[in-house]
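Asks: Below is one structure. I have some questions about it.
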Amino acid sequence: MIGPMKKAKVPGWLSGALLVGAAGLLWFLERRRPLRKPVESTARRTGRNVAVAGLAALSLQLVEAPAIQPLTSLVQRRRWGLLKVLRLPAWLEVVLAVVLMDYTLYLWHVLMHRVPFLWRFHLPHHVDLDLDASTAFRFHAGELALATGWRAVQVRLIGVSPLSLSVWQTFVLLSVLFHHSNVRLPVDVEQKLVRIFVTPRMHGIHHSIVEEETNSNWSSGLTLWDWLHGTLRLNVPQDEITIGVPAYQNPEEVKLRQVLELPFVEQRPTWLLPGDGKPVRPALPVEINRLLP
């Protein structure tokens, strides 16, 4: 018999309230303590990102939700997946499911960068010329549709219940919102926090136009995966980071229509500045796991 905890889900109103509250707090802090100076008009960028996010949300409702939510119920009933085989207490199953979902999301993120076809759909997220909380929702609808197949594999192999999925979704959305934000935390506080969770300075390095820096810090929630795989990089000063990708640094080329068309048109060499070569950064005389202001 399935216990009530394993049949439950995080209420939609609670997840929504947490996200709205977190977004509001980060919006306030971004204006009081910004980490980086904006390149584009904040109002224009936010409007564009909200439009991209609206299409992304529609994709989730039309593609992911009808496939993944019933799958979690099937996994629960038939006891499919690793965690079901182990027959753990409900609370421990949820914790481990969140951890394993977070790790396999790390792997998916790596694939989005390494596989050229997938990179086409992830590129619209990275061509944003600024980084703030609105970027957290700026994912192309096509990317989220493609991610549904990976999500199904995650749910089936791990053994993710409806409760575990809803807890993980709430956790990852709050985490993504936080680490995309343009909030300047005290560097000593963030240095402690980054030992466990992805932070704004850490993820800002991932959005750098320097390819070696973008190919680091792939974690979405827990930083553990970058530590384990040797992909962690923290020692880049924030005021030396240019956000975006080299090939698309002109604001006129990253308007809403261009962003939506980007996966379907001819791609420029991503890591080359037009007429100015590939951005590089000299080696920094600071250990790689030390955050800089």
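The values are calculated or read from the model by the stated rules, or taken from the named source; none is laboratory data. All values derive from a computational prediction rather than experimental measurement. Cβ coordinates were reconstructed from backbone atoms using ideal geometry, including for glycine residues, and neighbour counts include every protein chain displayed.
Asks: If you scan segment 111-143, which residues turn out to be without any contact (Cβ under 8 Å) to a residue 24 or more places away in the chain, among the hydrophobic types (A, V, I, L, M, F, W, C) and under 16 Å from Ser208 (Cα atoms)?
Replies: none
Asks: Oh, and also: Please identify the pairs in which a residue from segment 15-30 that is under 15 Å from Gln169 (Cα atoms) and touching a residue at least 24 places away in the same chain (Cβ under 8 Å) has its Cβ atom under 8 Å from the Cβ atom of a residue that is assigned to a helix (DSSP H, G or I) and among the charged types (D, E, K, R), counting only partners at least 6 apart or on another chain.
Replies: none
Asks: Another question, if that's okay. Might you let me know whether segment 237-248 holds any residue that is surrounded by 16 or more Cβ atoms within 10 Å (Cβ to Cβ), within 20 Å of Gly142 (Cα to Cα), touching a Gly at 6+ places or on another chain (Cβ under 7 Å) and in contact (Cβ under 8 Å) with a residue 12 or more places away in the chain?
Replies: The answer is no, given that none of the residues of segment 237-248 is surrounded by 16 or more Cβ atoms within 10 Å (Cβ to Cβ), within 20 Å of Gly142 (Cα to Cα), touching a Gly at 6+ places or on another chain (Cβ under 7 Å) and in contact (Cβ under 8 Å) with a residue 12 or more places away in the chain.
Asks: Additional query: Would you be able to say whether some residue in segment 199-209 is surrounded by fewer than 16 Cβ atoms within 10 Å (Cβ to Cβ), of a type outside the set (S, T, N, Q), farther than 16 Å from His179 by Cα and at pLDDT 95 or above?
Replies: no
Asks: Quick one: what pairs do we get from segment 260-271, first residue in contact (Cβ under 8 Å) with a residue 60 or more places away in the chain, second of a type in the set (D, E, K, R) and in a loop (DSSP other than H, G, I, E, B), C-beta under 9 Å, 6+ apart or different chains?
Replies: Final answer for the pair search is Trp271/Lys278.
Asks: Something else now. Can we say Pro38 is surrounded by fewer than 19 Cβ atoms within 10 Å (Cβ to Cβ) and assigned to a loop (DSSP other than H, G, I, E, B)?
Replies: Working: surrounded by fewer than 19 Cβ atoms within 10 Å (Cβ to Cβ): yes; assigned to a loop (DSSP other than H, G, I, E, B): yes.
Here the answer is yes, as Pro38 does meet what is asked.
Asks: Please list, ordered by first then second residue, the pairs with beta carbon atoms under 8 Å, 6 or more apart or interchain, first in segment 202-214 and small (Gly, Ala, Ser), second in a helix (DSSP H, G or I).
Replies: Gly204/Gln238; Ser208/Thr214
Asks: Which residue out of Ser220, Ser166 is buried (at least 19 other Cβ atoms within 10 Å of the Cβ), under 25 Å from Ala97 (Cα atoms) and in contact with a Phe, Trp or Tyr (Cβ under 9 Å, 6 or more places away or on another chain)?
Replies: Criteria check complete, one pass: Ser220.
Asks: Any idea which of Ala65, Ala57 is part of a helix (DSSP H, G or I), at pLDDT 95 or above, of a type outside the set (Val, Ile, Thr) and surrounded by 13 or more Cβ atoms within 10 Å (Cβ to Cβ)? Before you say what the answer is, go through the steps one by one.
Replies: Details: Ala65 fails: surrounded by 13 or more Cβ atoms within 10 Å (Cβ to Cβ).
Unique residue meeting the criteria: Ala57.
Asks: Would you please list the contacts, defined by Cβ atoms under 6 Å and residues six or more apart or on different chains, that run from a residue in segment 81-100 that is in a loop (DSSP other than H, G, I, E, B) to a residue that is surrounded by 14 or more Cβ atoms within 10 Å (Cβ to Cβ) and of a type in the set (Gly, Ala, Ser)?
Replies: Cβ pairs passing all conditions: Gly81/Gly159.
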